[in-house]
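The values are calculated or read from the model by the stated rules, or taken from the named source; none is laboratory data. Predicted model, so just to flag it, every value in this text is computed and none were measured. Please note: Cβ atoms are built from the backbone with ideal geometry, for glycine as well, and neighbour counts cover all protein chains shown. For accessibility, only protein heavy atoms count, side chains too; no ligands or nucleic acids. Shrake-Rupley method; radii C 1.70, N 1.55, O 1.52, S 1.80 Å.
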2 protein chains.
Amino acid sequence: MLTDRELMILKAIVQMYTNDGQPVGSKALVSQLPINVSSATIRNEMATLEGMGLLKKTHSSSGRVPSILGYRYYVDHLLKPDKVQSSDLRRIRASFNQQFQEIGDIVAKSADMLSQLTSYTAFTVKPELKDAKLEGFRLVPLGGHRVMAILVTDNGDVQNRTFTVPRNVDPEAIEAVIRIINDELVGLTLAEVFQKLKTSIPIQIGKYIETPEGFLDVFEDVLKKSATERFYVGGRLNLLDFSKQHDPGSIRSLYQLMNHSSDLADVLGSPDQNIRVQIGNEITNNLLKNYSLITATYDVDQHGKGVIAILGPTSMPYSRMIGLVGAFRTELARRLIDYYHDIDDI
Amino acid sequence: MLTDRELMILKAIVQMYTNDGQPVGSKALVSQLPINVSSATIRNEMATLEGMGLLKKTHSSSGRVPSILGYRYYVDHLLKPDKVQSSDLRRIRASFNQQFQEIGDIVAKSADMLSQLTSYTAFTVKPELKDAKLEGFRLVPLGGHRVMAILVTDNGDVQNRTFTVPRNVDPEAIEAVIRIINDELVGLTLAEVFQKLKTSIPIQIGKYIETPEGFLDVFEDVLKKSATERFYVGGRLNLLDFSKQHDPGSIRSLYQLMNHSSDLADVLGSPDQNIRVQIGNEITNNLLKNYSLITATYDVDQHGKGVIAILGPTSMPYSRMIGLVGAFRTELARRLIDYYHDIDDI
DNA sequence: CTTAGCACTCCGATGTGCTAAGTGCTAAAA
DNA sequence: TTTTAGCACTTAGCACATCGGAGTGCTAAG
C-alpha cells in the first residue's frame, strides 16, 4: 500500500511530466510540493516508487518519468476528471448547432472537433443498432443504362450506389426484383437479410433475370457499406506532432491502420465501461503500444450506441482529456437524439 | 550557346543526381562519361556551367548539383521520355480492367496507381465538360421526412444528397417542384441552371411552397458538389518520404493544400501543352517551391478533358516520370472512353 | 525518519583533430 | 588554344575528449 506522501509524489510527477514533458528531478519536485521536506527525502520516496514499478528513469542519472503502471495507478486512483472549460463547451455546441442532413455528417464533424479540442487524433463511430432493420429499398433509373440503388435502415442510415444494368435486361424484370426485395426483405434485420440473400432470394429472382448475381452483388455491396462505413477519423495530421517515432515506416503503418475500418474496430472495441483509458502496451494493437487511447461510448437511446476515442501520447494530460471526452459524449448523444427526433415520424 | 561536351556533362550530372541524390564530383563524373578526359577538364567545364547558372554547389568544396535552371534546360533540350516499362503498363491495365460503377472511381483509382508507380504524390481530376448539361433530377422519398435529391449531368456525373423536409410541406407540392425543375432546367448547361436558380425559379416554386429557399439550397448544393468534387489525391503518405523539409509545419500546410480543391485547381491549372513540367519556384504556389510538378491533360473526346499530375522532389528522374505520365494519360483516356461507351445509349 | 554532504553517473554542448571528397588555380605539355 | 598533372585549399562528417549541470544513491549524523 502506498503512503499519502507517496501518492502525492506520484500524482505530482505525472502531472508535471504530462505538462512539460521533462523528466522530473527531486529538486524540481520538492519546490512544487506543498510539504516541507528536503530533496533527499523525495529521492528516497522516488526510489521506493521506482521499486514498485510506478516510476522509471530514462537513464541512470536522470529524473523520474511515470511508467505504464504509474500512469495506470494515477488514472485509476488519483485522477479527478477536469471540469471541461466553458469555452470548449461553447465550441462543441456551436459546431453542433447547424443543420445536418445525415447522421454521418454529425459524427464526422465530431471527430474533427474532438481532434481540434485535444490536438490529438480522434475517432468516432456511428451508433450501431445490433438489430437494425432494413426499412426501404429503391432502385432509381438515371437514364442510359444506369440505376441507383438506395437502401434505408431503421436507424436512419442511408446508403446508395449507382450501377450499370446489362443491356439485355427488361425493365419489367427490374420492377419484379424491386417487388421481391420489398416484399421479402424489408422489415427484417440486416443479419436476416444477409441470410436470405444466400438462400431463397436468388431462386426467386432467377425467375425474372438470367444472371441474378450481378444484382445481388450490388445489393450486398450497399448493405455492407451500411455495416462498415461507421468510422470517422479526425486530426490525422496531429499524429505528426505528438508521435515520438519519427521513422517514416511506423508512421505509415499507423496511417494505414486508420484507413482500415476493420482494424479500427478491433482497436476501439466496444468499451463496456463508460470511459476506458488504455495506456501503452495495454492497447491490443502493437502499432499503438507507445500511445494512449481514451475510449467512451455514447448512448442514443433506442437508436443504439456509438464510440468516440482519442489517441495521444502516453504522457497526455489525462484529467483534462477524460473530462473532455466525458463532456463530448453527452453533447454528441444529445445532438443525435435531436436528429432522430427530427427525422422520425411522430 | 553550349558546346556538345557541356551538354553531355549537364545531362550526365542531372541523371546521376536524380539517380542517387548525391552531389556529383568531377572524378565520379569522368568515370561515367564516354569520353577520355581528365577530371581537371571536367572541373573547368563544370565551372563554366556553374557560371551560366545551370549548376550549383551545396558548399564551397562540394560536388555539383543541378540548379532549377539546369533542370529546366535538361527537361527542355536534353531529355528523351523513357519508354514505359512493360511491367508498369501491365499494372496500369490490370488496375483498369475491372468493372467500375462511376467515373469518379476510375479517376480515384488512377491517382492511387499513379502514386504507386512513381512513389510520389499523384493528383487526378475528372474530365470537365465546360457546357455540361443537366440531364435529370430526381427526388426520392425515403420514408420519415427524408428525401434524397439526385442529379445527373450529361457527362455521366451523378451526385446525391439526402435532406429533411419540413413537416408542413405537402407531398403534392414536392411533386410540383420536381415537375418545375424537370420542365425548366433539364437540358440546360449548369451555368444556365445557376442563372435561372437566381431568377425565375424561386418565383415559380414560391407558388407551391412558402419557403422555397430550403429546396433551392439543396439543389444548389448538389450542383456545386458536381462542380467541385473532381479532384483526387493518391499517395499522400509518399510525401513523407520524398519531402526534405522535415519541419511539421510545412508538411501540415501541404496536406491542407491537398485537401482543398480550389487550391488544387489553382496549382494544377489547365495545362495548355500536353505535358507540362514545372520545377521548383516555377510552380506558382509557394508551398511547393521545393518540389517539381508534372501535369498532363487527358482527352475523353466529347466528354471533355481531365488532368493528371505528380508531385515529387525537384531531383526526380524526369525522363522516366514524363514517360510514365504520358503513357498513363492515354490509358486513362482510353478507359474512360470505354466507360462512356458502356453507359451511353447507343 | 529526515537530512546534509559527497561521490558518482550520464547527457549535452562545445571544441578538436582527422579524413575523404571535392574544388580552383597554375604551369607545363600537347 | 586546350588539356592535364599537381598542389594548396575548403568543407562535411565523424570520432574523440572535455566539462558543466542535473540528477542519483548512499552514508552518517541529527
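Of interest is the spacing of the C-alpha centroids, which for region B:230-261 and region A:39-75 amounts to 40 Å.
Enumerate by residue number the GluC sites (Glu not before Pro) in region A:180-274 meeting two conditions: DSSP loop (anything except H, G, I, E, B), and at most 11 other Cβ atoms within 10 Å of the site's Cβ. Before the final figure, lay out the partial values.
Numbers: sites: A:E184, A:E192, A:E210, A:E213, A:E220, A:E229; in loops: A:E210, A:E229.
Filter output for region A:180-274: A:E210.
Our coupling estimate for region A:79-94, obtained by passing each phi through the Karplus curve with A = 6.51, B = -1.76, C = 1.60 and θ = phi - 60°, is 7, 10, x, 5, 5, 6, 4, 5, 5, 5, 4, 5, 4, 4, 5, 4 Hz, Gly and Pro reported as x. Near A:A227, once Lys and Arg are set to +1 and Asp and Glu to -1 for all other residues with Cβ below 12 Å from its Cβ, the sum equals 0. Here the Karplus curve 6.51 cos²θ - 1.76 cosθ + 1.60, taken at θ = phi - 60°, turns the phi angles of region A:46-54 into couplings of 4, 4, 5, 4, 5, x, 7, x, 8 Hz, with x standing for Gly and Pro.
Applying the criteria of a DSSP loop state and at most 14 other Cβ atoms within 10 Å to the trypsin sites (Lys or Arg not before Pro) of region B:219-315 yields B:K244, B:K289. Net charge dipole, chain A: roughly 1620 debye, given to the nearest 20, about the Cα centre with Cβ charges of +1 for Lys and Arg and -1 for Asp and Glu. For chain B, the spherically averaged projection of the C-alpha convex hull amounts to 22.4 nm². Helices in chain B, meaning DSSP H runs of at least 4 residues, each add -39500 (n - 2.57). Divided by all residues, the mean residue ellipticity at 222 nm is -15000 deg cm²/dmol.
D by Stokes-Einstein for region B:134-228, Kirkwood Rh over Cα pairs, 10 °C, 1.306 mPa s: 119 µm²/s.
How big is the dipole moment of the protein assembly as shown about its Cα centre under a simple scheme where the beta carbon of each Lys and Arg is +1, that of each Asp and Glu is -1, and everything else is neutral? Debye, nearest 20, please. Write down the numbers at each step before the final one.
Numbers: 76 positive and 82 negative charges, 642 e Å.
In debye, rounded to 20, the protein assembly as shown gives about 3080.
Note on A:Q302 and A:S262: their simple-model spin labels are 3.4 nm apart, each label 7 Å out from Cα toward Cβ.
For B:K11, the lysines whose Cα comes closer than 24 Å to its Cα, not counting residues fewer than 8 places off in the same chain, are B:K27, B:K56, B:K57, B:K80, B:K83, B:K244, B:K289.
For A:A132, the residues whose modelled amide H falls within less than 5 Å of its own, excluding neighbours fewer than 5 places apart on the same chain, are A:L190. The calculated FRET efficiency for the pair A:H341 and A:D112, based on their C-beta separation and a Förster distance of 25 Å, comes to about 0.60.
Roughly how large, in nm² to one decimal, is the mean projection of the convex hull of the alpha-carbon atoms in the protein assembly as shown? If you can, show how the numbers build up before the last one.
Working: hull surface 159.0 nm².
Projected over every direction and averaged, the Cα hull of the protein assembly as shown covers 39.7 nm².
Computed from phi, the 3J(HN,Hα) profile of region A:146-162 under the Karplus parametrisation 6.51, -1.76, 1.60 (θ = phi - 60°) reads 9, 9, 9, 9, 10, 10, 10, 10, 7, 9, x, 7, 10, 10, 8, 6, 9 Hz, with x in place of Gly and Pro.
Taking amide H as placed 1.01 Å from N in the peptide plane, the amide H of A:Y298 sits under 5 Å from that of A:G306, A:V307, A:I308, each at least 5 places away or on another chain. May I ask for the distance between the Cα centers of region B:163-229 and region A:82-158, given as a whole number of Å? Taking the Cα centre of region A:82-158 as reference, the centre of region B:163-229 is 25 Å away.
Among B:43-54, B:28-39, how do they line up from the highest to the lowest mean number of other beta-carbon atoms within 10 Å? All intermediate terms of the calculation are to be shown ahead of the outcome.
Values: B:43-54: 16.3, B:28-39: 12.5.
Answer by packing, highest mean first, reads B:43-54, B:28-39.
Name the long-range amide H neighbours of B:K56: under 5 Å, sequence gap of 5 or more, or other chain; modelled H, no Pro or chain starts. Amide H to amide H, under 5 Å and 5 or more residues apart or across chains, B:K56 pairs with B:V65, B:S67.
Roughly how much accessible area, to the nearest 100 Å², goes out of reach of solvent when A and B pair up, both sides summed, probe 1.4 Å?
On the way: alone 17800 and 17760 Å², together 32300 Å².
When A and B are taken together, about 3300 Å² of accessible area is lost.
Once the Cα atoms are used to define both axes, helix A:4-20 deviates from the longest principal axis of chain A by about 60 degrees. The angle between the Cα long axis of helix B:103-118 and the main principal axis of chain B comes to about 20°, on a 0 to 90 degree scale.
Here the Kirkwood formula puts the hydrodynamic radius of region B:4-78 at 12.0 Å, using every distinct Cα pair.
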